[in-house]
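Inspection log for the structure reproduced underneath, given as structure tokens.
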Amino acid sequence: MAKVLNEQKHTDQRMRLLSHARRLFAGCGVKETSMSQVAKACKITKATLYHYFKSKETILKEILACRSEEINTLAAQTNPAASLEETFYQIAKAHLEHIKKTENLELMKILLSETMKNNEMRKYYMTFVHENISKGAQQVLGRYLGGKKNEKEMRLIFFQFMAALLHYDWNTRMVGDLTDFMGNDEAYIRQLSRTYALAVQSS
């Protein structure tokens, strides 16, 4: 029992450290943030921080890994009995709800900044995209399109769908309320889900 509690305590501490680091990285930039600053924000010594993470790059990759786990969870939670349109809708709704969380907004800010100036981070993020699009295509589209579409075609469909969601989200953040122009979030994701489901099933 003590071992389980210690493991949970260790995990909780890692998540707390990642949360503080993510906030600093989003506000100041990764290069501009030192391990000392992260340790200070977490109210621990730098030696303790290094016990959990060997470098800023390790912290950055761990932050991204947390998002990867969240995406996999979203895909796994879709109702296997739902239609393709309803499955697209469930993913879209969950995505828009999750992307509004502070931690995910901070992550997107970090990614936009770091992938533009850090080649290693760009390569790591591309691997992240490849892996998650492939998993999403297999988990979500595989049960509907298995045998009808090859793996590359399913990846392309899932990538286009997720890209449309991201594009919508960033436009509403940059431009503001688009309700008068195209309806609210619910109307958009309903139409997007219907459009992709019809396009996939008719092709």
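The values are calculated or read from the model by the stated rules, or taken from the named source; none is laboratory data. Source: prediction; values computed, not measured. Here Cβ is always computed from backbone atoms with ideal geometry, including for glycine, and neighbour counts include all displayed protein chains.
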| remark: Within region 94-125, the count of residues that are hydrophobic (A, V, I, L, M, F, W, C), modelled with pLDDT under 85 and either under 24 Å from S55 (Cβ atoms) or in contact with a strand residue (DSSP E or B) (Cβ under 8 Å, 6 or more places away or on another chain) (or both) comes to 6
| task | Would you confirm whether any residue within region 55-64 is assigned to a helix (DSSP H, G or I) and within 21 Å of L165 (Cα to Cα)? | result | yes
| task | Considering each residue of region 58-93, count those that are of a type in the set (G, A, S), over 25 Å from N171 (Cβ atoms) and at pLDDT 85 or above, and give that number. | result | 1
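Can you pull out every residue in region 188-200 that is farther than 18 Å from L166 by Cβ and surrounded by fewer than 17 Cβ atoms within 10 Å (Cβ to Cβ)? So that I can check it myself, show each step before the final result.
Step one: of region 188-200, the residues farther than 18 Å from L166 by Cβ are 194, 197-200.
Hits for region 188-200 are R194, L198, A199.
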| request: State all residues of region 145-199 that are within 27 Å of L107 (Cα to Cα), of a type in the set (F, W, Y) and modelled with pLDDT under 85; if no residue qualifies, say none. | output: Y168, W170
| query | Filter region 18-68 for residues that are crowded, with 19+ Cβ neighbours inside 10 Å and touching a Ser or Thr at 6+ places or on another chain (Cβ under 7 Å); which is nearest to E114 (Cα to Cα)? | reply | F25
| request: Starting from residues that are under 24 Å from the mean Cα position of the chain (by Cα) and of a type outside the set (S, T, N, Q), keep the ones in region 43-61 and report whichever is nearest to Y124 (Cα to Cα). | output: K61
| query | Residues K135, K100: which one is basic (K, R) and farther than 30 Å from T33 by Cα? | reply | K135
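Would it be correct to say that I91 is among the β-branched types (V, I, T), in contact with a helix residue (DSSP H, G or I) (Cβ under 8 Å, 6 or more places away or on another chain) and farther than 18 Å from Q201 by Cβ? Walk me through it before giving the result.
Working: among the β-branched types (V, I, T): yes; in contact with a helix residue (DSSP H, G or I) (Cβ under 8 Å, 6 or more places away or on another chain): yes; farther than 18 Å from Q201 by Cβ: no.
No.
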| remark: The lone condition I44 fails out of (1) at pLDDT 90 or above; (2) part of a helix (DSSP H, G or I) is (2)
| query | Does L60 satisfy being among the hydrophobic types (A, V, I, L, M, F, W, C) and within 17 Å of S193 (Cα to Cα)? | reply | no
| Mind checking which residues of region 76-110 are touching a residue at least 24 places away in the same chain (Cβ under 8 Å) and over 13 Å from the mean Cα position of the chain (by Cα)? | A76, T78, P80, S83, L84, E85, E86, T87, F88, Y89, K93
